[in-house]
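Below: the structure, in structure tokens.
Just so it is clear, none of the values below were taken in a lab; they were calculated from the coordinates. Keep in mind that what you see is a predicted model, and the values were worked out from it rather than measured. So basically every Cβ, Gly included, is an ideal-geometry build from the backbone, and we count neighbours across all protein chains shown.
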Amino acid sequence: MINRLFGTMLGQILAIIAGASVLTFLLFVVLLTTLYPTIPPPPPWPWPNAYRIAALIDNLSVVPPTDRASMIAAASQPDLTVRLTQAPLPCAALVADARDLQEALAGVVRDPTTNLTVHSCDGGQASSIDNIQVLVAFGDQTLEIRTGRRAIHWFPLGSPTFVGILLFLCIAVVAMSAWAVWRVIGPLRRLSDKADSFGRDIAVAALDEEGPLEIRRAARAFNLMQERIARSVRDRTRMLAAISHDLRTPLTRMRLQLQTGDAGPLQGRLLRDIDLMQSMVTSALDFLSGRFEQEDEEWLDLGVLLTTLCDEFEEAGAVVRYDGPERIRLFCRPNAITRALTNLIENGCQFGTEVAVHAAVADGRVVIDVADNGPGIPADRIEDVLEPFVRLDPARSNRPGSVGLGLSIVKEAVAAHGGTLTLLARQPKGLVARLTLPLPPSGR
């Protein structure tokens, strides 16, 4: 499910936005951490100083006097100076910062009997890191701690640094997003260019199916469209050439007959010539219009249809026999299947003296063989005869009204049902036309 989502254009755009957001956040955190290591800010005044002083007092109260000097030296910091003295000089003032520190120390120092006082030096007027004095009695000595309220430089929103960082991040995000979106829509641009070139010159050149799922589907549809248009143009060109060639003979006969001035005795011939031309034109138009694709599908008893067709051809004087199940349920376009089977049986009767129709159902499909004992088709021409407007000479070129569309129509009709048409050589002579059609699921 997730892979399918990210395969779509929507999923990839969402991934781009999410990736850009995460990268922007990480860059922002790295830059802030590097330039302003105090972010996030420490606890508010006076708690950081109060905890440090309380910890120092508690530790000094439990260590031997000989070790206090080394502990005091280790505890001294630029904003916290510590020393043991015999006679400290206490400051006299007590401003707000000093009172806040005194109240905080009263709550965090463990020993409530500790003699501790807090004073403000310099009257608390100047902002300094040592303007607060903390005095703690340790026997005959006094621990003097000097500290102050250190100014915390919070991130300056209007500073050039802040503006520069945001500008850099915006440019980076825009550039990365533009590059990523360009990568996504690149296949669309190539599809547009290919469609434009195909519109100017109908030459089939397959487009690479790449990019998101929707673009791959569009490229696949475009490739199929190219093939269909090119095939349609070729078929129409060949149709016009075939019809113009085949109509020349009956038209010439009709012209000569009409020029005699007496069409009465020749009326039958004229009508046959007209029927011949009508048959050729109808076959060509039916093939090019693809009417079988417009027909609705419904249930058909294929066994009954095959039996009926064979009986009709036998009644017309042909030798046709059917061997197969009496009932074969097939969900299909009935007219298309009927026309395909009729064409195959009619071809067999035209080029042979006997036709055998065999049907079998196996592995979820029905296989129909229409075999004749005619001259057959050379192995190197089997693929050619399936193309529209192709007729073989001399064995199969004398059929009146034929423009070489019979097998092409069968092939198109079967392909529309997901089946195949295969031509096989029959021994000792003849041809086998094999139709393979998939059957619907048993539960349908």
Highest mean packing first, using Cβ neighbours within 10 angstrom, the peptides 352-359, 76-83 sort as 352-359, 76-83
Hey, rough spin-label estimate for K429 and R231, points 7 angstrom out along Cα→Cβ, what's it come to in nanometres?
3.4 nm
Give me the extension gain from D380 to V174: residue separation times 0.36 nm, minus the current Cα-Cα distance, reported in nm with one decimal.
68.1 nm
Segment V22-Q141, extension gain: residue separation times 0.36 nm, minus the distance between their alpha carbons:
37.1 nm
By per-residue mean of other Cβ atoms within 10 Å, what is the highest-first order of 363-373, 418-428, 64-74?
363-373, 418-428, 64-74
